[in-house]
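The values are calculated or read from the model by the stated rules, or taken from the named source; none is laboratory data. The model shown is predicted, which means the values in this text are computed figures rather than measured ones. Cβ sites come from the backbone with ideal geometry, for glycine too, and all protein chains shown count toward neighbours. Remember, those area values only see protein heavy atoms, side chains included, never the ligands or the DNA or RNA. Shrake-Rupley method; radii C 1.70, N 1.55, O 1.52, S 1.80 Å.
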Amino acid sequence: MSKLFSFSGSDDFCPGGSIYPNPKESSHFLSLGHHVDVYFPLRKKSRISAPFVFSGERFEQKKPSIDVLPDECLFEIFRRLPGGQERSACACVSKRWLTLVSNIRKDEITTQALNLKDESTDKKGGVVSEDEDQDVEGDGYLSRSLEGKKATDVRLAAIAVGTASRGGLGKLFIRGSNSSRGVTAVGLRAISRGCPSLRVLSLWSLSSVGDEGLCQIADGCHQLEKLDLCHCPAITDKSLIAVAKSCPNLTDLTIEGCANIENEGLQAVASCCPNLKSVSIKDCPLVGDQGIASLLSSASYSLTKVKLHALKITDVSLAVIGHYGNAVTDLSLISLPNVSEKGFWVMGNGHGLQKLKSFTVTSCRGVTDLGLEAVGKGCPNLKQFCLSKCAFLSDNGLVSFAKAAGSLESLQLEECHRITQFGFFGSLLNCGAKLKAISFVNCLGIKDLNLGLPSLSPCESLRSLSIRDCPGFGDSSLATLGKLCPQLQNVELSGLHGITDAGILPLLESCEAGLVKVNLSGCVNLSDKAVCVMADLHGWTLEKINLDGCKISDGSVVAIAENCQLLSDLDVSKCSITDSGIAALARSNQINLQILSVSGCTMVSDKSLPSLGKLGQTLLGLNLQQCKAISSSAVDLLVEQLWRCDILF
């Protein structure tokens, strides 16, 4: 024993040979660190029990603990457990155990454990009760989402363990990350090992996640179908190439704000993912024509949705889209400063966009009259077209496009200031018999002129009309619309200070089908007369009315209460409504409002409390914001009484 205490570590412990008669006994000495050695005495059957710890000058007996085992031994124990819930229970013991359990792959679970599970089931007659442990085959139907401070590696490890025996994780969304203990490759490694059924992965604003983490996903989640990377600056082509090679079933790829992804990564996706259906790439400064061209040319018969936003691509990419976009049905081109008129002209004349149904163009200087006409001719099945902030498009180009796009059903223009009243009515008259909806928003070039149009055949197909924030649109244009569009059902005339009763009355009288939804918010020059006529003529069909900011009084509310039996949504915010108007709504036995907004109605007071309580029998939403005459105590009573209703105050 004296030698044991005088041993310095620099010479042989026992020069004469081993101190153990049996060489196997040397395995009972286990080193746990630089200053501590543990000696397990020989027993008939080896088991984990209280070890003797040699520290300083004496032996100390510690309490029994399995924690003295190294990670390798614990890992071997955990992977031999017979069921997923047993492993989940072990993961709850400590972060160390959670980390070990979360790193067990499904294929690393020993066959002995699986057989033990089967034998346990057989002994019970093959019947497993709901209270007993059940391992559900991992088809990946569970979804999990982590946001902000909750997004940590520990939570990801817990998700990996917890979902493994409950159907498997199919969708994972991570938004942001904990500032001190954020998501890293460690957490994604746990997901890759425990969730092989993962099909959808979305990573947003994760500066701490780089190629190592995404490569872990590629290594373990081969069933991945949808990948969404948003503002992950540390991710480069390396990990995107790994995903492309390991996940051939990828169908949906979204990349936004990833400054280090280049063309090479997109080329790998193009060559390795033949089933790619949707691609959205935004604000990636290193992505150019080569990457986009590879995607379009390689997936020409599968790619149906393409969105390109704020990229440095040129006319070359648009030419490839026009030639190889054989399967594309939805196309969005937004903020492409290097694309010119030539690019749109070549794309339209490429005759590859035969299946295109929805097309959105925003802030593209290359949209001109010539390019837009070519697009109209080259897309014979186009149904929805949205054009925004295209400063070089004029009336001639819009009318030419309308003539060429014979299948168009919906036309939306926003902030196209060179479009005038001639372009508006020209497109309306030349769009063909399938046009159902037209919308003009903030087009400052539209002026209210008396065009003196000859008698024309009405546009019988149009059902929805929306004119918003076009200050030049007035009574003359509105009266002309009434003659041209007799089948309107949805009308939105928002923020139009130039229209009065004289303009809207002809429109109301011309609508033969009956209006269903009407939005007149911000039309400050309309009076009670217009609302009363609307309620009288269309009360049998009206379901939603928005009069926010209109100068109307209780008379309009009374007319609505008496005539609009189907009305479910009413907004009279910032109107001259009093308690009498609210009482009229409550007295009506026909109306069954679900949404009511009286925000900013300063003359509605506590006296309306009984009426609002009666209306609350059907209300699901009530807006009382800025109703200064209603006290907080009255609001508290309403909140208690209308417990089913969502009240804003």
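Values for this structure:
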{"quantity": "Gain upon complete extension [TRP540, ARG166; 0.36 nm per residue less C-alpha separation]", "calculated": "129.5 nm"}
{"quantity": "In Å², nearest 10: area of THR184 left accessible to a 1.4 Å probe", "calculated": "40 Å²"}
{"quantity": "Segments 549-560, 600-611 sorted - mean Cβ within 10 Å per residue, highest first", "calculated": "549-560, 600-611"}
{"quantity": "Full-extension gain in nm, HIS497 to LYS517, via 0.36 nm per residue minus C-alpha separation", "calculated": "5.2 nm"}
{"quantity": "Amide N of segment 415-430 lying under 11 Å from the label point, which is placed 7 angstrom from the Cα of LEU370 along Cα→Cβ", "calculated": "none"}
{"quantity": "GLN290-SER278 pseudo-label distance in nm [points 7 Å out on the Cα-to-Cβ vector]", "calculated": "2.9 nm"}
{"quantity": "Length released on extending from HIS222 to SER179, taking residue separation times 0.36 nm less the Cα-Cα span", "calculated": "12.5 nm"}
{"quantity": "Whether segment 181-271 is rounded, prolate or oblate, judged on the alpha carbon gyration tensor where a/c under 1.5 counts as rounded", "calculated": "oblate"}
{"quantity": "Whole-Hz couplings from phi, Karplus 6.51/-1.76/1.60, listed for segment 543-560; x for Gly and Pro", "calculated": "10, 9, 10, 10, 10, 4, x, 7, 8, 10, 10, 4, x, 5, 5, 4, 4, 5"}
{"quantity": "Relative contact order of segment 590-638, defined on C-alpha pairs under 8 angstrom at six or more residues apart (%)", "calculated": "52 percent"}
{"quantity": "Accessible solvent surface per residue of segment 140-214, calculated while the other protein chains remain in place, 1.4 angstrom probe, Å²", "calculated": "39 Å²"}
{"quantity": "Peptide ranges 414-425, 434-445 listed from the most packed, as the mean C-beta count within 10 angstrom indicates", "calculated": "414-425, 434-445"}
{"quantity": "In sequence order, calculated HN-Hα J values of segment 355-366 (Karplus, 6.51, -1.76, 1.60; Hz; x Gly/Pro)", "calculated": "9, 4, 10, 10, 9, 10, 10, 9, 6, 10, 5, x"}
{"quantity": "Taking segment 325-401 and dividing mean pair separation by its residue count, relative contact order in percent (alpha carbons under 8 Å, at least six apart)", "calculated": "34 percent"}
{"quantity": "ALA433-ARG96 FRET efficiency (beta carbon distance; Förster radius 60 Å; 0.05 resolution)", "calculated": "0.25"}
{"quantity": "Förster-model FRET efficiency, 25 Å R0, THR602 and SER335, C-beta, rounded to 0.05", "calculated": "0.05"}
{"quantity": "Pair ARG587, LYS614: separation of 7 Å Cα→Cβ label points (nm)", "calculated": "0.9 nm"}
{"quantity": "Segment 530-646, relative contact order in percent, only Cα pairs under 8 angstrom and at least six apart counted", "calculated": "21 percent"}
{"quantity": "Probe 1.4 Å, protein heavy atoms only - accessible area per residue of segment 497-560 in square angstrom", "calculated": "36 Å²"}
{"quantity": "Cα centroid separation, segment 462-532 to segment 417-433 (Å)", "calculated": "18 Å"}
{"quantity": "Of all accessible heavy-atom area on segment 350-489, the percent that carbon and sulfur account for (1.4 Å)", "calculated": "50 percent"}
{"quantity": "Label-reachable residues, segment 313-334, where backbone N falls under 16 Å from a point 7 Å from CYS386's Cα toward its Cβ", "calculated": "329-334"}
{"quantity": "Carbon + sulfur, % of accessible area of segment 523-649 - ligands and nucleic acids excluded, 1.4 Å", "calculated": "50 percent"}
{"quantity": "Separation of the LEU444 and PHE649 label points, Cα + 7 Å toward Cβ, nm", "calculated": "4.3 nm"}
{"quantity": "Solvent exposure of segment 370-484 as accessible area per residue, Å², 1.4 Å probe", "calculated": "40 Å²"}
